[in-house]
Structures are given as structure tokens and as C-alpha cells.
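A short worksheet on the structure shown next.
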Amino acid sequence: MTAFRAHRVSTRHWVADDTLIVDLGARMRVLSSAPRGGGLRTTRFILNHQVPSHPLGADTAGRNWAHPSRYLRRLAETLGVDSDCVGLMTAVPMTQLVTHREERDGTWVEGFATVGVTNAVRAGEPVLRRQGERIGATAGTINLILVTNGCLAVPAMVGAVQVATESKTGVLRDHAVPSWTGLAGATGTGTDAVVVASALRGHGTWHPYAGTHTEIGSMIGRVVAECLLQGLALAAQWADKH
């Protein structure tokens, strides 16, 4: 079996201890804005961990979120996951996890997302705080994890982040999601994070670019849009019940 065929198999994922665990099956190159393992690195595991709406400090169980990277490292060890994982945090319940997959000519893109918009904001707004609230301590976060068996050049990985952001913003604008400050046209939330995982060189079809004029860029855009659409619907249902 060739290395490329080996990477056609989908990733595995499951939820344990309020945490989405994405097992890539092998080490892949990952670019992210994650609080744990952010930047450009290689890893096999990606986590998205649910925390309370106001996670700063410690709870009655002694769990301390004041240092997200350290907390996520300890969590990974508890879950039996390599501590050099990439880790995200969100207050969106894992019951609202959404996924979507696109495939074309043997190349696929999978998306995993948790969508909250109570912290929505329009890019460029002055930095404001709700009365008595600390920035970054709210439930409204859009965490996006994108995995492809294609091999993206580093500039293409940056392009993938760009396309994912454009797609996310387009859906928010189409659905008239407002900023929490009351301004129209939110473009994201104040605590969004994005992860892009790509096959290592020699283990998938080479993609020097991933912009909106490319097939893989098109797939990324559709995956993100579908995840946002599903996530916004679930967020609205949750808000109606609470």
C-alpha cells in the first residue's frame, strides 16, 4: 500500500471528559492559533476541550484554567494523549460538535467545529469589555479544525486559514450575526481559533496553493460553511432552551 493510499483513511475522533479528541493516525504538519501547541509543528492529536463560560481561575474541583497550555498538557496526559498535542478550549458543549467532509479525486478535507457567537465581534471594532468581564472568558468561540490528506506547502497552509476565515465570515454576514456591542456585521468572535492539519511531504498530493481558485481551497470553503451553518443552528437551539 502506498503512503498516499494510507492517508485516504479518515481520521478517528471521539469525545471523552468533555473533550473532542481527533486522532490523525500519524504525525501531520499542523498550523494553528491554538493556546496549546500553536504555530507550525507536527503532531498526531488535536483536542478541543469544553470549559465553563468563565474559565479563568479554578473551580471547586481544583481545575485551573489560568494557564491554558499547561492545563491542556495535563489534560492530554490524563486522556492518554501525547502531551505535544495541539489543544483548544471552548465553552460550547461537545453535544454541539459539528463535522463535515468533502472529497474529490482522492483528496479529502474534514472539518470539526464548535460554534458559539455570544462573543461575536466585527473586526476593527474598538476593544471593549462588558461590565465586570474579562476578555476571553466567554462562551462565544468558533473553534475550527480542518484536516486534509493533501500535502500543503506552508504558504498553502496559510492560504487555507485565509479561506477558512473568509468562509466563516461569509456565513456570519449571510445570517446577520451582530457584534455583541450592537454593531451589525460580525466577522467572527473575539476568541476564535483555527487549526489546519496537512499530510507530511511525500504522504499525499502536493498542493503549493490553497486559495479560493484551487480545488482544495474550494473544498475548505465548503467544509467551513457547512460546519458554520450546522453550528449556528445548534447555537440557536441552545439559546432558545436557556
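Read the figures in this text as sums done on the coordinates, not as results from a lab. Here the structure is a predicted model, which is why all the values come from computation and not from measurement. Glycine gets a Cβ as well: all are built from the backbone with ideal geometry, and neighbour counts include every protein chain shown.
Of the trypsin sites (Lys or Arg not before Pro) found in segment 151-212, those that fall in a DSSP loop while having at most 11 other beta-carbon atoms within 10 Å are Arg201.
A helix-only calculation puts the chain at -9000 deg cm²/dmol for mean residue ellipticity at 222 nm, using -39500 (n - 2.57) for each DSSP H run of at least four residues, averaged over all residues.
Panel values: the chain, Kirkwood radius from alpha carbon pairs, Stokes-Einstein at 37 °C and 0.692 mPa s, translational diffusion coefficient 181 µm²/s. Its Cα gyration tensor gives segment 98-211 an equivalent ellipsoid; the semi-axes, largest first and in whole Å, are 31, 13, 12. DSSP finds beta bridges in the chain, and of those with both partners inside it, around 75 percent are antiparallel.
Below 8 Å between Cα atoms, with a sequence gap of 6+, how large is the relative contact order for the chain in percent?
22 percent
Our estimate of slack between Ala26 and Leu183, defined as 0.36 nm per intervening residue step minus the Cα-Cα distance, is 52.1 nm.
Please find the FRET efficiency linking Arg74 to Asp105, where r is the Cβ-Cβ separation and R0 is fixed at 51 Å, and quote it to the nearest 0.05. List each step's numbers first, then the result.
Values: r = 42 Å, r/R0 = 0.82.
Once rounded, the FRET efficiency stands at 0.75.
If you line up the long axis of helix 215-241 against the longest principal axis of the chain, both from Cα atoms, how many degrees apart are they, to the nearest 10? Once rounded, one gets 30 degrees.
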